[in-house]
Amino acid sequence: MRLRRRSEPAAPPAVPPPRVLARPWALSVAVAAPVERVFGYLATPARMADWLVMHTGWPAEPPPVLSAGARFAERVKLMGTPVEVRWTVAGADGPRYLWLDGTGPMGIEVGVYLSLETGPGGAGTVVRLDGGVQGGPTAGPLGPMVARSLADALRSSLRRLAAADLPVAAVPGPQKKREKPGKIRHERSGRDLDPWTPVIVGVGQVSDHTTDVRDGDPVSLAVRALRLAAQDSAAASAPESGAARSSGTDGGAGRRSDTDGGSADLLKNADTVGWVASVSWQYPDGGALVAAQVGAAPQTTVQTGLFGGDGPLRLINDLAAAITRGETTVALIAGAEAAATAAAAERAGRPLGWPAQPDGTAPSRTLGADREPNNAAETAAGLISPLHVYALIESALRARLGLSQSDHLKRITGLWARFAEVAATNPYAWLRQPRTAAGLATPDGGNRPVCAPYTKLLTANLQVNQAAGLIMCSAEAARDAGVPQGRWIFPYAGAHAADTWFVTERADLTTSPALHAVGTAVLAHTGRTIGDVRHLDLYACFPSAVQIAAAELGLPIDDPDRPLTVTGGLTFAGGPGNNYASHAVATLVPRLRADPDGLGLATAVGWYLTKHAATVFSASPPDRPFRDVNAGLRLHRPTRAVRTGGAGVREAGTVVYRRDGEPEAGIVTEILDDGSRVVRRVDPAGDVQPEGKPLPPPGEPAVLVEWRGPVTVIRLGATATADALHHAVEDFDADPDAKVAVLAGPAPAGTITFAAGKPLIAAVEAADGGGAGLAADLIVAAEDALIGVPESDDAGSGLRRLAGLLPRALAMELLLTGDPIPARRLHDLGLINRITPAGTAYQTALDLAASIAAHPAEALLRAHRTVDDLRRKA
């Protein structure tokens, strides 16, 4: 073998990359470890944070090992901006090559093709990284900058790979599940429990009014709360008030670490640590810092997304499901904010000096994914703060209820006064003074107007130092740790869903289809009704959020026997960034211990009444195993188009005030005759109040999804966009009950970039066009249909499919002319499965889908993956 000089490029890979992208790169590096070890390292997502400098986390758990056909999403930084990339493993042949094709925001496509060969003289490994980027903004003047930034990041990643201390052996694949032991008798109920039943065994809270930066960072506060949770789980003689026994509000409680016996073991033996992302001080992997302080060595750290009050319940639900599957034994869940200390330090000019972590640090996975919070119309109108949005929703809610401004103000201040009464009895509440409705309605120095109709004491209170910690484990682990069964609280069911992302695109500002779906899902799984739930905590950032949640769940807002909060809500108990719902659960636990036959329900909200989660708990064992339900997969979300001009019926309005109490601007929304919505910034001196007139209904939805058992039908409207279609296909892919989808309707304008992981059938009629069908797995077309690529877009996956399957001359004709091709001609070439008489393509596609859906889901996935793999290797 000829030795390669250092200046010479690496030898080409044995197998060429599957495709060449418009802006390519070719990089290489020598690694001291043998080929097999390097491949095992690269093919393990859990190791990605160690070498890939762009990696920031996982929106959903990736596969344990990358294999051909696997699909997963990753959070990365692109030119300093956090984005999400969806990867498909285009090829994997250990230890020779690993190919990844990805799609990012705005239609960006990226290829990362790693090829490995033994180094010169048979020592070490030469890793070659080919690939490139194309599509979206890279096709314009920003293209060279984006490509250069990505290439530089990958070059740094290869240098990090070369310097990494690779494990002696390839990282193992998924561990075999532990053998499940026998049932565990629940003494009070006399029932036998599955040993992997999740139970919350300890809770702790800290509410610290000191502002000393020493040990005042969020992780330190959270560790104090976890130590209190360990004490709460340990004492067989502890009073049933639970965490209230040991957690103080004076800033000193929880500094002790004198837990003993099983309680200390629960902290140290945690195999998973979940961290609710902190807003006041951001940690790349807060769970790792928590683990280090409590002496744990977890296999997994999980972190919620940077913004979202739904995070704590998403985390509890996710880890409860992992315990049920036998993947987790003991989980610590913690979150904290130290905004009061941070603000005091800034005012005094004191450095915080709180813990930092090296670049590239990331948790094992990240729960949830975010996108930009506002569309262009909202940004232009200044509708960007949660305060503005919830105040606008409050205005729309008043109009729907038909109340005068004074009567509506009495309604919401009365609601908040009742929340203040609860906070006055909560030892962890940040503001414990009783309030009257009249006092809350009266602006003064401590209650200035902020955004009509809200004064400051009707909004979330973020300036707090608060933490909550929970210990959740399997019933087996709780028994082995000696935790008394009287401390056990069972999560029954959890669910999550999201409403239409941009507020102004929602059909109705005063409803939440997602929250209704979440509530329905958790109650259906428990086999109970909302009337069976005695203990409630509805996420209470603003009055409008509580009123809408109560309406969607079927609850009155003024029942004195069943308050809607156990803490006092985010104004009075405290609004600690993303972590409020952790405090709600920590407060529910001792109440449920004291009422062992009662049910508790907590809800949580992220962004602008956008992301929702809920969990049901009880001290009595559940009738069914815990389930974490994605309630948004089969959810109708009617929408409105958003316009930049026009005048219509005023739907809602608010006035934004400066800190001195003077009005700054008005924001209104209006509904036009065609059902679209306008949002605009107006003079605050004018009339911004809703007119109270009937609102024109929304127009035709861009994408309408129907569910026919295992067959999903995705109908594209005339206003459908590639982005809307992409999200519909994503939901279909994630739906465990969906086996095959039928795509019907006209092709959306723009690039078609989706690729389903399950069979997708396109039904193409003559008037539909057919660009979307080109990305489908099977095509049923009417005999008079014409099929082409929308706008002759050379980045679309439909064209790539044609280019690989059509004769070269015909593919060139389609690209260069943009003219569609008769369906019968494509059928003769083998690209269309069935030709039908005019007007019957849709029914034929449904019949084909029913035939496919008759087979087992696993067999369909396996067949789909096999065909894709063979086509890539051809």
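The values are calculated or read from the model by the stated rules, or taken from the named source; none is laboratory data. This is a predicted model, so every value here is computed, not measured. Note that we place each Cβ from the backbone using ideal geometry, even for glycine, and neighbour counts take in every protein chain shown.
Values for this structure:
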read-out: Qualifying positions in the range 630-653 - part of a loop (DSSP other than H, G, I, E, B) and small (Gly, Ala, Ser); value: 631, 632, 641, 645, 646, 647, 648
read-out: Whichever residue in the range 370-396 is at pLDDT 95 or above and touching a Pro at 6+ places or on another chain (Cβ under 9 Å) and, among such residues, is surrounded by the most Cβ atoms within 10 Å (Cβ to Cβ); value: 395
read-out: Yes/no for residue 166 being surrounded by fewer than 24 Cβ atoms within 10 Å (Cβ to Cβ), outside any loop (DSSP other than H, G, I, E, B) and either over 28 Å from the mean Cα position of the chain (by Cα) or modelled with pLDDT of 80 or more (or both); value: no
read-out: Candidates 549, 545 - the one that is over 16 Å from residue 207 (Cβ atoms), free of Cβ contacts under 8 Å to residues at least 60 places away in the same chain, buried (at least 24 other Cβ atoms within 10 Å of the Cβ) and not assigned by TED's automatic domain parsing to the domain that holds residue 392; value: 549
read-out: Strands (runs of 3 or more DSSP E) lying entirely in the range 89-163 (those with 2 or more residues that are of a type outside the set (S, T, N, Q), outside the structural domain of residue 53 (by TED's automatic domain parsing) and closer than 30 Å to residue 726 by Cα); value: none
read-out: Complete set of residues in the range 318-347 that are among the small types (Gly, Ala, Ser) and in a helix (DSSP H, G or I); value: 320, 321, 322, 339, 340, 342, 343, 344, 345
read-out: Residue check, residue 341 farther than 24 Å from residue 490 by Cβ and touching a helix residue (DSSP H, G or I) at 6+ places or on another chain (Cβ under 8 Å); value: no
read-out: Residue match in the range 348-369 (condition: in a helix (DSSP H, G or I), surrounded by 15 or more Cβ atoms within 10 Å (Cβ to Cβ) and of a type in the set (Gly, Ala, Ser)); value: no
read-out: Contacts under 6 angstrom Cβ, first residue in the range 368-397 being under 13 Å from residue 545 (Cβ atoms), partner basic (Lys, Arg) and at pLDDT 95 or above, 6 or more apart; value: none
read-out: The listed residue being surrounded by fewer than 17 Cβ atoms within 10 Å (Cβ to Cβ), aliphatic (A, V, I, L, M) and modelled with pLDDT of 80 or more, out of 70, 22; value: 22
read-out: Residue within the range 33-56 that is within 25 Å of residue 108 (Cα to Cα) and part of a strand (DSSP E or B) present; value: yes
read-out: Residue 466 being modelled with pLDDT of 95 or more and closer than 21 Å to residue 597 by Cβ; value: no
read-out: Candidate set: the range 416-458, residues that are of a type in the set (S, T, N, Q) and over 30 Å from residue 215 (Cβ atoms); chosen: the one surrounded by the most Cβ atoms within 10 Å (Cβ to Cβ); value: 455
read-out: Pairs, first more than 16 Å from residue 473 (Cα to Cα) in the range 183-201, second hydrophobic (A, V, I, L, M, F, W, C), C-beta under 9 Å, six or more apart; value: 185/193; 188/619; 192/184
read-out: Tally of residues being among the β-branched types (Val, Ile, Thr) and modelled with pLDDT under 80 across the range 717-776; value: 5
read-out: Which listed residue, of 506, 487, 528, is in contact (Cβ under 8 Å) with a residue 24 or more places away in the chain and either among the aliphatic types (A, V, I, L, M) or surrounded by fewer than 20 Cβ atoms within 10 Å (Cβ to Cβ) (or both); value: 528
read-out: Selection within the range 510-528 - of a type in the set (Val, Ile, Thr) and closer than 20 Å to residue 591 by Cβ; value: 522, 526
read-out: Long-range neighbours under 7 Å by Cβ, at least six apart or interchain, first residue hydroxyl-bearing (Ser, Thr, Tyr) within the range 666-678, second surrounded by fewer than 21 Cβ atoms within 10 Å (Cβ to Cβ); value: 676/641; 676/642; 676/643; 676/699
read-out: The range 475-505, residues that are aromatic (Phe, Trp, Tyr) and at pLDDT 95 or above; value: 488, 490, 492
read-out: Tally of residues being touching an Asp or Glu at 6+ places or on another chain (Cβ under 8 Å), assigned to a strand (DSSP E or B) and surrounded by fewer than 21 Cβ atoms within 10 Å (Cβ to Cβ) across the range 608-629; value: 0
read-out: Among the residues listed as 434, 513, the single one being out of contact with any Cys (no Cβ under 7 Å at 6 or more places or on another chain), touching a residue at least 40 places away in the same chain (Cβ under 8 Å) and of a type outside the set (Phe, Trp, Tyr); value: 513
read-out: Any hit, the range 558-579, residues being part of a loop (DSSP other than H, G, I, E, B), under 23 Å from residue 609 (Cα atoms) and free of Cβ contacts under 8 Å to residues at least 24 places away in the same chain; value: no
read-out: The range 674-710: number of residues that are part of a loop (DSSP other than H, G, I, E, B) and of a type in the set (Val, Ile, Thr); value: 1
read-out: So residue 737, is it assigned by TED's automatic domain parsing to the domain that holds residue 857, surrounded by fewer than 22 Cβ atoms within 10 Å (Cβ to Cβ) and either without any contact (Cβ under 8 Å) to a residue 40 or more places away in the chain or in contact with a Pro (Cβ under 7 Å, 6 or more places away or on another chain) (or both); value: yes
